[in-house]
Amino acid sequence: MIHSASVDRSAVNLESRSNPLPDPWPDSGEASQEGAIAPSWLARCATQIAPDLLGCTLVRQFPDGQVVRGLIVETEAYTADDPACHAYRRRTARNGVMFGPPGYAYVYLIYGIYHCINVVTEAPDVPNAVLIRALQFEAPLPPQVPPGRDQLHRVAAGPGKLCRALQIDLSLNGACFMPGQPLWLEHRTPQFQRNWQQGAIAHTQTTRIGITQGAGFPWRWYLTASPAVSKR
C-alpha cells in the first residue's frame, strides 16, 4: 500500500473532516443478512482481521443485480504505525477513508491502471486496513470471465486482477460493505470454520509483496493449498 495512487476527489474528499463517514448499518442493520460481516467484527487491528478474513467471502453485486462471490485466500495488513501504510505520515484526501469507521472500502490506483481494494478496520481516526490480495471464485463467475477459460483459478490471483474481474474501481472508494450494496463480506461457512479449528486447513504467514518500507513485517497471510494465491 505504498504505491503511488491517484484518487478521484469527486468521489471522496475527506482531508478536512475528522469523522468523515457515518457508522455503517446504523439502525441495527447488522442482522440484515445472515452470514454478513458487520462493522463491529471489523473493529480490531488489521493484523488480527487479515488472517481472520481468510476463508471469508467478498461479494460483488453488479449494477444489473448479478451477484458474484469470491473466497478470500490472501490478505495483507497495514496499520497506522506501519511505514508501508498510506496513512503513515498524515491524513490526506486520498487516504481519508482509512480514518473513518470500520466497514468501508479503501480503493486506490497503482501504476495508473490497476486498482486495489482494502477493508478499513479498527476505529475512527486509527487508520488500519486489510488489502485483499487474491480470491478463489465460486459460481457464478464474473460476467466478463469466459466459462471455459484456462487457469480460471488465476483470474483473481492478485489485487489488480481481482479488481478487474469484479469491476472494482475508484467509484467504489468509500463504499460501505453492506448487503444490498455493491460490496459486502460474509463469514466463513460453518464447515470451513470447523476444518480451520481442527487444523485441516493450513495457512501461511509471511512478508508482504511489492513494498520497500516495512518489508520485513510478516503481515501477509494466505491459504497454503489455494491455487489462487498470487505469490508463494
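The values are calculated or read from the model by the stated rules, or taken from the named source; none is laboratory data. Just so you know, these numbers come straight off a predicted model, no measurement behind them. So basically every Cβ, Gly included, is an ideal-geometry build from the backbone, and we count neighbours across all protein chains shown.
Checking the stated criteria, A77 turns out not to satisfy the condition of being over 11 Å from the mean Cα position of the chain (by Cα) and either of a type in the set (A, V, I, L, M, F, W, C) or not in a loop (DSSP other than H, G, I, E, B) (or both).
Tally time: how many residues in the stretch 73-125 are basic (K, R) and either touching a Ser or Thr at 6+ places or on another chain (Cβ under 7 Å) or touching a residue at least 60 places away in the same chain (Cβ under 8 Å) (or both)?
Final tally of qualifying residues: 2.
The residues of the stretch 86-103 that are at pLDDT below 95 and assigned to a loop (DSSP other than H, G, I, E, B), listed by number, are H86, A87, Y88, R89, R90, R91, T92, A93, R94, N95, G100. Does Y104 satisfy the condition of being surrounded by fewer than 24 Cβ atoms within 10 Å (Cβ to Cβ), more than 20 Å from W221 (Cα to Cα) and of a type in the set (S, T, Y)? Considered against the rule, which asks whether it is surrounded by fewer than 24 Cβ atoms within 10 Å (Cβ to Cβ), more than 20 Å from W221 (Cα to Cα) and of a type in the set (S, T, Y), Y104 comes out as no. Every listed requirement among (1) surrounded by fewer than 22 Cβ atoms within 10 Å (Cβ to Cβ); (2) assigned to a loop (DSSP other than H, G, I, E, B); (3) out of contact with any helix residue (DSSP H, G or I) (no Cβ under 8 Å at 6 or more places or on another chain) is met by D82 save one, (1). All conditions in (1) under 18 Å from T75 (Cβ atoms); (2) under 18 Å from the mean Cα position of the chain (by Cα); (3) not in a loop (DSSP other than H, G, I, E, B) hold for H153, with the sole exception of (2).
The rows are residues; the columns are (1) surrounded by fewer than 18 Cβ atoms within 10 Å (Cβ to Cβ); (2) under 15 Å from the mean Cα position of the chain (by Cα); (3) modelled with pLDDT under 95; (4) not aliphatic (A, V, I, L, M).
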residue	(1), (2), (3), (4)
A157	no, yes, no, no
L162	no, yes, no, no
A175	no, yes, no, no
H187	no, yes, no, yes
R194	yes, no, no, yes
Q197	yes, no, no, yes
I201	no, no, no, no
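Looking at the stretch 181-195, can you tell me whether even one residue there is touching a residue at least 24 places away in the same chain (Cβ under 8 Å), assigned to a loop (DSSP other than H, G, I, E, B) and on the phi > 0 side of the Ramachandran plot? No; the residues of the stretch 181-195 include none that is touching a residue at least 24 places away in the same chain (Cβ under 8 Å), assigned to a loop (DSSP other than H, G, I, E, B) and on the phi > 0 side of the Ramachandran plot.
Can you tell me which of I37, I49, I72 is farther than 27 Å from Q213 by Cβ and modelled with pLDDT of 95 or more? That would be I37, the only listed residue that is farther than 27 Å from Q213 by Cβ and modelled with pLDDT of 95 or more. Residues in the stretch 202-232 that are hydrophobic (A, V, I, L, M, F, W, C), in contact with a Ser or Thr (Cβ under 8 Å, 6 or more places away or on another chain) and part of a loop (DSSP other than H, G, I, E, B) were compared, and the one that is nearest to A50 (Cα to Cα) is W219. Note on the stretch 48-74: residues that are assigned to a loop (DSSP other than H, G, I, E, B), buried (at least 22 other Cβ atoms within 10 Å of the Cβ) and acidic (D, E) amount to 0. The residue list R89, R133 contains one member that is within 27 Å of T47 (Cβ to Cβ) and surrounded by fewer than 16 Cβ atoms within 10 Å (Cβ to Cβ), which is R89.
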